[in-house]
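See structure below.
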Amino acid sequence: MKYDFSRIKEGKTVLLVPRFSLSEKVPPKNPAFFNPSAKWNRDISMLVYKTYASSNNSRTFADSICGVGARGLRTAVEVPKIDTIYLNDLNPIAIEFAKESARLNQVEDKCTFEINHVCNFLNFEERKFRKFDVVDLDPFGSPSPYVDCVLRSVSNRGLISITATDTAVLCGVYPNVCYRKYYGFPLRTEYCNEIGIRILVSFIGLNASRFDLSIIPYFCHSNLHYMRVYLKVIFGKSLANSVSSKIGFLKHCHNCNHRKVENLRDQDLVCGICDTKCKLAGPLWIDSLFDFEFAGAMLTVLKNDEYFLSTKNEYNKLLRMMQICNSELAYPFYFETDNIASKAKKSSISLDKVITTLTENGFNASKTIMNDKGFKTNATLKEIIDLLYK
Ligand SMILES: [Zn+2]
């Protein structure tokens with residue numbers, strides 16, 4: 001290795017990474033990119049891929065923009081059911097790092113390396129498997145330009161995982177850019193990350209339907225720096241026809257904070273509570289973002305997994321997330337305790353107290369993995385404030 005490198009262990013996998021990627025605040029792109037703080041994101045990936053592979057004959061995995069190979073190599077080492085891994089990056093130095101790490105982990109026989117543009121790699125290369133069972137796309141910024149290529153390259157009933165790091169765009173800072181990239185308008189609200197994920201899923205769903213494909217969201221999550229979605233892709237015209245019933249608008253009243261889902265074809269723009277004209281977010285995905293059977297299976301895999309059980313922090317964090325996810329209500333928006341408190345001009349009430357109060361008064365209420373202080377409920381803002389503060 002002629003570049004300065006550090007040797008680290010992530011999960012059960014040894015990784016060679018450029019030395020400066022561990023010390024700089026923003027990891028440099030040269031000589032190759034590696035983001036150590038994305039470990040949590042990759043831990044979740046391992047849980048999803050293990051769960052997916054446990055119930056499928058999925059054997060091939062494409063890490064389409066692999067960098068130094070962290071996700072692809074961890075899959076090779078930690079998800080034994082997936083036996084063929086393709087790692088691709090345009091940067092030949094990144095591929096050198098990935099090859100060296102593959103040797104160290106003794107998985108080089110499972111791995112094929114390419115240096116190519118992402119779409120050329122996914123769609124036009126001669127290879128033994130024409131389509132991949134799992135395709136990951138983790139680009140710098142927006143995944144929008146590559147979504148077509150990912151959809152063309154995944155096998156029927158395969159899994160795609162896609163990251164968007166242009167969170168400011170999807171969260172409503174640049175609405176025109178969001179429309180141009182994702183065909184949907186965002187809204188700056190306290191639950192803008194959920195709106196952003198739903199715009200991203202709707203965009204992928206609409207693109208899929210062009211190829212007679214439909215999607216089922218298996219799992220989605222976000223933080224400040226990225227949004228990430230895991231979707232099953234199924235071939236079939238009649239399922240693809242149903243995509244329009246899962247896409248609509250979210251109506252949000254900036255006067256009284258009321259929100260309502262509107263379907264794609266007829267929207268009523270007036271707030272049902274205070275008669276103010278609302279703002280629309282969308283088109284966006286209004287169906288579930290989680291497959292509850294799959295999320296339940298993720299929880300089972302987690303509780304029986306040798307690696308995750310051997311960690312303490314990761315296990316507990318994942319357990320908490322998956323327990324919340326398994327009981328999360330499907331409403332496409334959430335409320336936030338601090339935001340409710342400021343609307344009521346009172347101090348904040350703990351999330352557990354809020355949920356108990358709502359439930360005891362006959363409302364549906366749950367936590368959400370989208371926000372540590374967020375909750376989903378069928379109560380209106382006025383009902384929430386009356387119950388909590390009066
Ligand atoms: Zn209103």
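The values are calculated or read from the model by the stated rules, or taken from the named source; none is laboratory data. This is a predicted model, so every value here is computed, not measured. Cβ sites come from the backbone with ideal geometry, for glycine too, and all protein chains shown count toward neighbours.
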> If you go through segment 305-321, how many residues are assigned to a helix (DSSP H, G or I), free of Cβ contacts under 8 Å to residues at least 60 places away in the same chain and of a type in the set (K, R)?
Replying inline: 1
>> Considering only segment 99-118, I want to know if a residue exists there that is more than 27 Å from T13 (Cβ to Cβ), assigned by TED's automatic domain parsing to the domain that holds H221, surrounded by fewer than 20 Cβ atoms within 10 Å (Cβ to Cβ) and touching a helix residue (DSSP H, G or I) at 6+ places or on another chain (Cβ under 6 Å).
In response: no
> Only one of (1) at pLDDT 95 or above; (2) out of contact with any Phe, Trp or Tyr (no Cβ under 8 Å at 6 or more places or on another chain); (3) more than 30 Å from P283 (Cα to Cα) fails for I85. Which number is that?
Replying inline: (2)
> Any residue in segment 323-334 that is in contact with a Leu (Cβ under 7 Å, 6 or more places away or on another chain) and within 16 Å of the ligand (Cβ to nearest atom)?
Replying inline: yes
> Limited to segment 309-326, what total is found for residues that are polar (S, T, N, Q) and loosely packed, with under 13 Cβ neighbours inside 10 Å?
Replying inline: 3
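Condition check: in the same structural domain as L16 (by TED's automatic domain parsing) and modelled with pLDDT under 95. Does N123 satisfy that?
Yes; evaluated as a whole, the condition is true for this residue.
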> How about segment 271-309: which of its residues are of a type in the set (S, T, Y) and within 16 Å of the ligand (Cβ to nearest atom)?
Replying inline: T276
> For segment 1-37, how many residues meet the condition of being assigned to a helix (DSSP H, G or I), surrounded by fewer than 21 Cβ atoms within 10 Å (Cβ to Cβ) and small (G, A, S)?
Replying inline: 2
> Do we have K312 as modelled with pLDDT under 95, out of contact with any His (no Cβ under 7 Å at 6 or more places or on another chain) and more than 16 Å from the ligand (Cβ to nearest atom) here?
Replying inline: yes
> Out of curiosity, is D148 surrounded by fewer than 20 Cβ atoms within 10 Å (Cβ to Cβ), assigned by TED's automatic domain parsing to the domain that holds L122 and acidic (D, E)?
Replying inline: yes
>> I'd like to verify a number: residues in segment 264-309 that are polar (S, T, N, Q) and closer than 30 Å to K251 by Cβ, how many?
In response: 3
> Restricting attention to segment 226-267, which residues are buried (at least 17 other Cβ atoms within 10 Å of the Cβ), of a type in the set (A, V, I, L, M) and more than 16 Å from the ligand (Cβ to nearest atom)?
Replying inline: M227, V229, L231, V233, A240, V243, I247
>> Residue under question is I324, and the condition is that it be touching a Lys or Arg at 6+ places or on another chain (Cβ under 7 Å) and outside any loop (DSSP other than H, G, I, E, B); does it hold?
In response: yes
> Could you give every pair whose Cβ atoms fall below 7 Å, whose first residue belongs to segment 354-373 and is free of Cβ contacts under 8 Å to residues at least 60 places away in the same chain, and whose second residue is acidic (D, E), counting only separations of at least 6 or pairs across chains?
Replying inline: S366/E328; K367/E328; K373/E336; K373/D338
> Only one of these conditions is not met by A297: (1) modelled with pLDDT of 95 or more; (2) over 18 Å from L159 (Cβ atoms). Which number is it?
Replying inline: (2)
>> Looking at segment 3-11, can you tell me whether even one residue there is closer than 30 Å to I216 by Cβ and in the same structural domain as V107 (by TED's automatic domain parsing)?
In response: yes
